[in-house]
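This report refers to the structure that appears directly beneath it.
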Amino acid sequence: RLCLPSSTVPLWHRRRRTVLPGSGAAALRHAAARSAAPVLASAALRRSAASVRRANRRRGADEAVLTRRQLLRRTMIATSAAATEKAFATLGVEQNIRNDGRDRLDYRDLAVDNGVLPQAHGSARVTVGRDLVGGGGTDALAAVKAELATPAQEAPGQGFVVVSVDCAPSLFIHANNRRDARDDVNAELSAAMGRLLSSSLALESLCVMHGRFAWRLFIDVMVFSTAGNVLDVVSMAVWSALSTTRLPKLVPIKAEAGFPDDFELDSNQENAQPLDIEQVPISVTLNIIKTEHVVDAAPLEEACAAPRVS
């Protein structure tokens with residue numbers, strides 16, 4: 001038996017004064033191998049950490065090239081679900097029995113509160129899928145404010161509509177880049193509602209005086225929570241807010257030449273005029289799962305859907 005000096009013994013063995021077996025050369029090789037073990041382990045850990053960092057960079061690059069519609073699906077509408085959950089939901093849709101007991105063409109409970117913001121010209125709050133205690137679901141609040149502006153030169157007899165949709169930051173807690181994901185979703189929803197209203201709302205009815213004065217409508221929507229079907233709920237909130245909007249009556253004032261030159265405001269609220277929204281539609285989104293169509297989809301059903309038609 002040979003007792004090696006402390007300089008050849010690993011640090012964690014010095015306090016115990018380990019006695020190594022074998023001859024001197026064998027003992028030295030044994031001690032060297034024992035002392036090299038932590039070095040090899042640390043090198044393996046560094047290689048593993050480097051591979052993890054490379055994978056994260058590749059995943060970050062993949063996230064950077066996502067389109068806006070993919071971000072909309074991954075951050076708000078779709079949720080991370082296991083394959084078994086998706087298979088279960090798909091099977092229920094095929095048998096016309098969804099997870100919450102609805103048929104394929106059934107909507108969840110809908111709650112509409114009109115006139116919730118008295119300082120606005122029109123407002124409404126719409127909630128779909130609220131639970132028994134009054135929380136959850138997809139909740140959106142829309143408000144309409146109006147101001148007078150000069151019509152555009154290319155459309156002197158029409159008014160303006162400006163739509164802005166803002167989603168709560170708490171809806172993006174699982175997104176890798178919360179700010180960019182939120183901005184993309186807000187832009188996508190705002191553009192969708194802008195296209196819907198510009199092609200359906202009677203902009204001519206917003207003209208007060210040809211070429212001089214017209215109403216500009218600012219429609220602001222806030223999405224507080226989401227449980228699927230965000231676009232349709234936003235559309236319902238906007239339509240309800242427009243249906244309650246009342247604009248002050250403007251009385252034209254004729255100039256000496258006999259044509260209207262200015263106007264005066266009628267302060268009587270009873271004479272306020274409603275908007276012409278007969279042609280304004282409400283968005284209805286059909287989610288196609290396998291060969292079936294589903295309306296008012298829950299987040300898990302949206303994760304199972306391939307194409308959507310609104």
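The values are calculated or read from the model by the stated rules, or taken from the named source; none is laboratory data. A quick note: this is a predicted structure, and the numbers were derived from the prediction, not measured. Cβ coordinates were reconstructed from backbone atoms using ideal geometry, including for glycine residues, and neighbour counts include every protein chain displayed. Side chains included, ligands, DNA and RNA excluded: accessible areas come from the protein's heavy atoms. Shrake-Rupley method; radii C 1.70, N 1.55, O 1.52, S 1.80 Å.
Figures for the structure shown
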item	result
Lone qualifier among R130, R179 - being open to solvent by 20 Å² or more (accessible area, probe 1.4 Å), more than 29 Å from G92 (Cα to Cα) and free of Cβ contacts under 8 Å to residues at least 24 places away in the same chain	R179
Test result for V208, in contact (Cβ under 8 Å) with a residue 40 or more places away in the chain and under 21 Å from G137 (Cα atoms)	no
Residue count for region 113-149, restricted to those that are over 21 Å from the mean Cα position of the chain (by Cα) and among the aliphatic types (A, V, I, L, M)	9
Residues of region 254-273 that turn out to be loosely packed, with under 11 Cβ neighbours inside 10 Å and at pLDDT 75 or above, as a count	6
Among the candidates L117, L105, residue that is closer than 20 Å to T245 by Cβ and assigned to a loop (DSSP other than H, G, I, E, B)	L117
Qualifying positions in region 147-165 - closer than 18 Å to S243 by Cβ and open to solvent by less than 20 Å² (accessible area, probe 1.4 Å)	G159
Filter pass, A227 being under 13 Å from the mean Cα position of the chain (by Cα), part of a loop (DSSP other than H, G, I, E, B) and over 19 Å from Q279 (Cα atoms)	yes
Residues being in a loop (DSSP other than H, G, I, E, B) and either open to solvent by less than 60 Å² (accessible area, probe 1.4 Å) or touching a residue at least 40 places away in the same chain (Cβ under 8 Å) (or both) - total across region 133-146	4
Members of region 172-213 that are of a type in the set (A, V, I, L, M, F, W, C), assigned to a helix (DSSP H, G or I) and at pLDDT 85 or above	V185, A187, L189, A191, A192, M193, L196, L197, L203, L206
Qualifying residue in region 79-101 (condition: open to solvent by 50 Å² or more (accessible area, probe 1.4 Å), of a type in the set (D, E, K, R), under 25 Å from V126 (Cα atoms) and modelled with pLDDT of 85 or more)	yes
Candidate set: region 102-127, residues that are over 30 Å from P248 (Cα atoms) and aliphatic (A, V, I, L, M); chosen: the one least open to solvent (accessible area, probe 1.4 Å)	L110
